[in-house]
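The values are calculated or read from the model by the stated rules, or taken from the named source; none is laboratory data. Keep in mind the model is a prediction, meaning the values are calculated, not measured. Neighbour counts are summed over all protein chains in view; Cβ atoms, including those assigned to glycine, are modelled from backbone coordinates with ideal geometry. These area figures cover heavy atoms from the full protein model, side chains too; ligands, DNA and RNA do not enter into them. Shrake-Rupley method; radii C 1.70, N 1.55, O 1.52, S 1.80 Å.
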Amino acid sequence: MSLRAYILKRIVYTIVLVLFVIIVNWFIFQAIPGVEGAIGSLQGNPRATSQQYQHFQELYGLNKSPLQRFEEYFWGMLTFNFGNSFVTQHPVIDDIVKSGRLANTVLLLGTSTVLGIVIGILFGVVVSARRGSGIDTGSVTVALTTFSLPVFWMGLTFIAVFSYLLHWFPPGKAYPDTWFLFGNPPLAQFILTRLQYLFLPMLVLTLFQYGGFLLLTRATMLETLSEDYVTTARAKGLKERTVLFKHAFKNASLPLVTASALGFGTVLGGAILTETVFNWNGLGLWLYNSIIGKDFPVMQAMFYILALSVIIANFIADLIYGIIDPRIRYE
Amino acid sequence: MKSGTESNLKFNLRRFANFLRLMLSNKMAAVGLFMFLVSAGAALAAPIVYPQNPQNVASAGFLAQPQWVSYFPEGYYLSSNMVVVNNPGFNSPSALQEWSYSNTAQSPYVSISTATIASTGSIQVFSSSPLSLTVYKTFHYPYRGPPSRFTLPSVAVRSQGASASNPIVFSLFLNRGVERSFTLWSKNLTTNDAWISPSYPLDSGSPSLPIAAGVQGGLLPFTEVVFSREDDYTLGFTVTFSAPGTINVTSLGLRLLGNAYGLLGADSRGSDLFAELLWGARTSLFVGLVASFIGIGLGLLVGLMAGYKTGIVDEVLMRFTDMMLVLPSLPLLLVLVAVVGPSIFNIIILIGFLGWMGFARVIRSQVLSIKERPFIEAARAAGAGTRKILTTHIFRNVVSLTYVNLALAVPAAILTEAALSFLGLGDPLSISWGQIISNAQAVNALNDWWWIIPPGIGIAFVSLSFVLIGYSLDEIFNPKLRRRR
């Protein structure tokens, strides 16, 4: 199979996945009586006129047949036209993009994921070369512990220690409220303050992620290090660093690509919790607020977008895999 | 036949003993097992030590600090719980011993006794002449600071011989020393043979109580106004007869809820945090174990089916698994729990039904390689059917994987439940560790580390125990991973 055919196959598969998510999302929210029930109760209410009833029926599209509604919903999902939020009355897509929530989430997720991957892989490679040593047991134990600690609990303890006790970092929010009123400060101060606000949530999400990468890197490295070509490289007298990173890690890195894509859904879960703890004005906090406030159009749109991002992450991982490991094309 | 099963049992027992020995020789497994036994012990002991769900019991004052804080210099003002009246129901004549009477009680016109009216014990005061009489109990309040809250049971009085023209006046009071008297409730009794209680709760938090005592509008909380210092306090009631009559009083007690309590203090509703911690272990372990059993069972089923049956069954099952795998689990769970409602049953089912995909893939790939081995072919040649081959031959070869994945699925389920509870989508009726942390955040009590830290450690402790057991099982079952010695 050529690379092009492989990519084509992946694209078709990705489209099928997107359709699956759209259909699942539809059925989940069909189970909620929410809007229909509320408007249905208007019908028997003597204070509500039939015009009001009609108005609300039209507003929420309840006068249409389920098939028509599905059709409308389906195109809405494809064109990112999710309707209006019950709470803010703005179009949901505006609340996602224009409000800066998407940017905030990307900032938090991006920095912590990069840090988590770099730290996890570095430690994993280093530790695998010293199997059974103190640093090996130590870092595996720490990784397992951060793995077992609830991410929201880490966030709360960090707030208690670093903001309430030591006053080093603000206890929450993405940036000071005063910016909203008086506009952004000069660039240097802007960056510094945002970094200060970013640090704690980023630290929590990094700790949430690095353990998995460390353990996985260590496991695949241990397997690779017992291969003959590693012994050969060592016998050639190559530097240990070259052996580890150039010879062993290059081959051990393949499962990491898939694992990081598959783990992306879990990371999103961690991001929801972190954003909630730190009151970080991103998509996770917004999803949480919409669930608490029963804002169904937002819930539906957010679930779709989160699932879509996992699908895209998997698609990208498949592409990278296809490029760096030619064997996969002949499966 | 009987001896056959017996020897079989013996063999299995010996095998299990050998397996245990193997596990205990592994340091990681031994630590994990020990940690699991500790948490399981806590979960089992919880209803024995604290028979009632601690969420429903006000054990101490709101936000009470741990008892041991009072031994430190900064805790000098803390007070503890006190029960002032031992028998508030006057169920036996000996209940009178803790009470004292004013001088008029000596007069020949008065008699004081206990009486049981319609199975309700009470203290009965009879007077044949118009006079005033006080029944009281003096107690020493030994703390420098005020209690967090004090409550009295809803006192009930019943009069005989009273009328609108000749009322019996009943007044309940709490005095500090001899200088200050606080009337908690007073009532002109004019009707006969009916139990009468105050219309407001006799609780220091009730706004009616300071009004009755005539100290409303002050800046200090009522508890601080009353218990302003270490002193002798008097609880009692005064009855004024204007004609011969009888009065019965019951539910006459006083309970002081301190602002220091127990090992870990109390939460914002006065519930014992240590009891909640023990009860939380039950919820976490229960949800973790049952949900992961469901998930692993489903995964085993799907994996065996997909691996053994090739063709369309395999294709459909695996495509479906891949699709499910792509749905982000926590957002999906949040949305689903919001839809179906947060009961513990729903949460377990949902976590279980969203946790089978990874394991199904593992089992499938294992089955794919096992079913090509000669012994399966031999079994088929010997006439074994699909079910026989799947349940005995193939299943026995993946059972070790099942154990490992089961152990690793439990912490995931526990953490998921904790996350749901933390986000306010846990079962409100069964306290869990996530909920304790959520409660602390709701009142912004992040500085009360005795509230925040223990449940987090609990979650990590239980999760880590299963992770350790899982990894060591993996090492035991999978000789490739065993370290060369």
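If you filter the stretch B:385-427 down to residues that are within 14 Å of chain A (Cβ to nearest Cβ) and open to solvent by 30 Å² or more (accessible area, probe 1.4 Å), you find that the one that is farthest from B:Val340 (Cα to Cα) is B:Leu408. For the stretch A:221-249, the set of residues classified as among the aliphatic types (A, V, I, L, M) and touching a His at 6+ places or on another chain (Cβ under 9 Å) consists of A:Val230, A:Ala233, A:Leu238, listed by residue number. Checking A:Thr137, A:Thr88 one by one, the residue that is of a type in the set (Ser, Thr, Tyr) and assigned to a helix (DSSP H, G or I) is A:Thr137 and no other. Between a first residue in the stretch A:119-147 that is within 10 Å of chain B (Cβ to nearest Cβ) and a second residue that is in a loop (DSSP other than H, G, I, E, B), which pairs have beta carbons less than 9 Å apart while being 6 or more apart in sequence or on different chains? Within 9 Å, the pairs are A:Arg131/B:Arg483; A:Gly132/B:Arg483.
Of all residues in the stretch B:337-372, exactly one satisfies the criterion of being charged (D, E, K, R), open to solvent by 50 Å² or more (accessible area, probe 1.4 Å) and outside any helix (DSSP H, G or I), namely B:Glu372.
Criterion first (over 24 Å from A:Thr113 (Cα atoms) and either facing chain B (nearest Cβ under 9 Å) or open to solvent by less than 20 Å² (accessible area, probe 1.4 Å) (or both)) does A:Thr232 satisfy it? Answer is no for this residue. Might you let me know whether the stretch B:467-474 holds any residue that is of a type in the set (S, T, N, Q) and either facing chain A (nearest Cβ under 10 Å) or under 28 Å from B:Asn346 (Cα atoms) (or both)? The answer is no, given that none of the residues of the stretch B:467-474 is of a type in the set (S, T, N, Q) and either facing chain A (nearest Cβ under 10 Å) or under 28 Å from B:Asn346 (Cα atoms) (or both). Does A:Leu203 count as within 11 Å of chain B (Cβ to nearest Cβ) and either in contact with a Leu (Cβ under 9 Å, 6 or more places away or on another chain) or in a helix (DSSP H, G or I) (or both)? Spelling it out, it is not the case that A:Leu203 is within 11 Å of chain B (Cβ to nearest Cβ) and either in contact with a Leu (Cβ under 9 Å, 6 or more places away or on another chain) or in a helix (DSSP H, G or I) (or both). Look through the stretch B:222-238, keep the residues that are of a type in the set (Asp, Glu) and loosely packed, with under 14 Cβ neighbours inside 10 Å, and return whichever of them is farthest from the chain's Cα centre (by Cα). Going through the qualifying residues, I end up with B:Asp232.
If you take the residues of the stretch B:436-449 that are open to solvent by less than 30 Å² (accessible area, probe 1.4 Å) and at pLDDT 90 or above, which of them is nearest to the chain's Cα centre (by Cα)? Across the stretch B:436-449, the extreme among qualifying residues is B:Ile436. Taking residues in the stretch B:301-321 that are modelled with pLDDT of 90 or more, and partners anywhere that are not in a helix (DSSP H, G or I), the pairs with Cβ atoms closer than 7 Å and at least 6 places apart or on different chains are B:Val302/B:Trp356.
Evaluating A:Leu198 against the criteria (1) open to solvent by less than 70 Å² (accessible area, probe 1.4 Å); (2) within 14 Å of chain B (Cβ to nearest Cβ); (3) in a helix (DSSP H, G or I) leaves one unmet condition, (2). Inside the stretch A:151-194, residues that are within 28 Å of B:Leu468 (Cβ to Cβ) and in contact (Cβ under 8 Å) with a residue 24 or more places away in the chain make up a count of 6.
Yes/no matrix, rows are residues, columns are (1) at positive phi; (2) open to solvent by less than 20 Å² (accessible area, probe 1.4 Å); (3) at pLDDT 85 or above:
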site: B:Val215; (1), (2), (3): no, no, no
site: B:Leu220; (1), (2), (3): no, no, no
site: B:Leu252; (1), (2), (3): no, yes, yes
site: B:Leu256; (1), (2), (3): no, yes, yes
site: B:Arg269; (1), (2), (3): no, no, yes
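Results for (1) free of Cβ contacts under 8 Å to residues at least 60 places away in the same chain; (2) part of a helix (DSSP H, G or I); (3) over 24 Å from A:Gly138 (Cβ atoms), shown as yes or no for each residue.
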site: A:Leu215; (1), (2), (3): no, yes, no
site: A:Leu222; (1), (2), (3): no, yes, no
site: A:Thr242; (1), (2), (3): yes, yes, yes
site: A:Phe249; (1), (2), (3): no, yes, no
site: A:Gly270; (1), (2), (3): no, yes, no
site: A:Thr274; (1), (2), (3): no, yes, yes
site: A:Tyr288; (1), (2), (3): yes, yes, yes
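A search for C-beta distances below 7 Å between a residue of the stretch B:339-354 that is closer than 11 Å to B:Thr416 by Cβ and any residue that is polar (S, T, N, Q), counting only pairs 6+ apart in sequence or on different chains, returns B:Ile351/B:Thr416; B:Leu354/B:Ser329.
Among residues of the stretch B:310-336 being within 7 Å of chain A (Cβ to nearest Cβ) and over 18 Å from A:Phe20 (Cβ atoms), the one that is most open to solvent (accessible area, probe 1.4 Å) is B:Leu330. Checking each residue in the stretch B:43-101 for being buried (at least 16 other Cβ atoms within 10 Å of the Cβ), in a helix (DSSP H, G or I) and not aliphatic (A, V, I, L, M) picks out B:Pro54, B:Gln55, B:Gln67, B:Ser70, B:Gly75. Being within 12 Å of chain A (Cβ to nearest Cβ), farther than 25 Å from A:Phe264 by Cβ and open to solvent by less than 30 Å² (accessible area, probe 1.4 Å): is that true of B:Gly307 here? When the stated conditions are applied, B:Gly307 does not pass them. The criterion of being closer than 30 Å to B:Gly426 by Cα, open to solvent by 40 Å² or more (accessible area, probe 1.4 Å) and within 14 Å of chain B (Cβ to nearest Cβ) holds for A:Leu262.
Here B:Met35 clears all of (1) open to solvent by 30 Å² or more (accessible area, probe 1.4 Å); (2) under 30 Å from B:Ser472 (Cα atoms) except the condition numbered (1). Among residues of the stretch A:181-214 being polar (S, T, N, Q) and closer than 17 Å to A:Phe264 by Cα, the one that is modelled with the highest pLDDT is A:Thr206. Of the strands (runs of 3 or more DSSP E) lying entirely inside the stretch B:106-196, the ones with 3 or more residues being touching an Asp or Glu at 6+ places or on another chain (Cβ under 7 Å) and closer than 30 Å to B:Ser79 by Cβ are found at B:132-141.
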